[in-house]
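Student: Take this structure first; my questions come after.
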Amino acid sequence: QQQVKQSPQSLIVQKGGISIINCAYENTAFDYFPWYQQFPGKGPALLIAIRPDVSEKKEGRFTISFNKSAKQFSLHIMDSQPGDSATYFCAASGEGGSEKLVFGKGTKLTVNP
Amino acid sequence: GAVVSQHPSRVICKSGTSVKIECRSLDFQATTMFWYRQFPKQSLMLMATSNEGSKATYEQGVEKDKFLINHASLTLSTLTVTSAHPEDSSFYICSASGATSTDTQYFGPGTRLTVL
């Protein structure tokens, strides 16, 4: 019940395309859903996060879509760029962001020029 | 934005020695800090959660006597890997969150530990 399932494991997109990464969770107590971007040898960096009171959040080229009834959320990267090539992790936690995060297994995104 | 630093960024040590890794929140007070380890091409695995001034809470399967965590101030937490062995070689990452329940976790840049 604590798992967050992330797919796909890897994704190859052409420059300018849309990258879509999906996550699903079981624990209905989760109420905070962040996405992190990690480059090789670096720590994860918070990209965007959403709470269950909204169904979508957009920041620049990055959008989170949230479906509370299906217990799913996804990250959309519009106009994908080679610089977006990284590993993306979804995560979930309860009681806001200060509780421990449960991470998905990650998606390695490659954006070809 | 919130900045978390780690020191050192890389450390190589001999088997049997102890290594200390520092995690600092530079521009906010971190009431809670988390320590993770990450193996190549894998996700982050939470090792322990520490709150300032109290004992750390370790995840199941993590040896508390081997991975000593101290959170003595609102801006500093340390992880000491005692009697390190080659299987402890990994990427160790800390994160920190502030005082309110709406605060998110900000991650440090990580420390690459190699035990020879």
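The values are calculated or read from the model by the stated rules, or taken from the named source; none is laboratory data. Fair warning: this is a prediction, and the values are worked out from it, not measured in the lab. Heads up, the Cβs are rebuilt from the backbone with ideal geometry, glycines too, and the neighbour counts pull from every protein chain shown.
Student: Report whether or not A:TYR32 is closer than 11 Å to A:THR87 by Cβ, of a type outside the set (A, V, I, L, M, F, W, C) and assigned to a strand (DSSP E or B).
Tutor: no
Student: Something else now. Can A:PRO82 be described as away from chain B (no Cβ under 14 Å), closer than 24 Å to A:LYS15 by Cα and modelled with pLDDT of 95 or more?
Tutor: Against the criterion (away from chain B (no Cβ under 14 Å), closer than 24 Å to A:LYS15 by Cα and modelled with pLDDT of 95 or more), A:PRO82 qualifies.
Per-residue answers, yes or no, for (1) among the charged types (D, E, K, R); (2) touching a Phe, Trp or Tyr at 6+ places or on another chain (Cβ under 9 Å); (3) farther than 23 Å from B:THR17 by Cβ:
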{"position": "B:GLU63", "(1), (2), (3)": "yes, no, no"}
{"position": "B:LYS66", "(1), (2), (3)": "yes, no, no"}
{"position": "B:ILE69", "(1), (2), (3)": "no, yes, no"}
{"position": "B:SER73", "(1), (2), (3)": "no, no, yes"}
{"position": "B:LEU76", "(1), (2), (3)": "no, no, no"}
{"position": "B:THR80", "(1), (2), (3)": "no, yes, no"}
{"position": "B:GLU87", "(1), (2), (3)": "yes, no, no"}
{"position": "B:TYR92", "(1), (2), (3)": "no, yes, no"}
{"position": "B:ALA96", "(1), (2), (3)": "no, yes, yes"}
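Student: Would you please list the contacts, defined by Cβ atoms under 6 Å and residues six or more apart or on different chains, that run from a residue in region B:6-29 that is assigned to a strand (DSSP E or B) to a residue that is aromatic (Phe, Trp, Tyr)?
Tutor: Sorted first by the residue in region B:6-29, then by its partner, the pairs are B:ILE21/B:TYR92.
Student: For region B:57-89, name all the residues that are part of a loop (DSSP other than H, G, I, E, B), within 20 Å of B:HIS7 (Cα to Cα) and among the aliphatic types (A, V, I, L, M).
Tutor: Within region B:57-89, B:LEU74, B:ALA84 meet the criteria.
Student: Here's something else I'd like to know. Working only within region B:20-37, note down all residues that are buried (at least 19 other Cβ atoms within 10 Å of the Cβ) and more than 11 Å from the chain's Cα centre (by Cα).
Tutor: Listed by number, the residues that qualify are B:SER25, B:ALA30, B:THR31, B:THR32.
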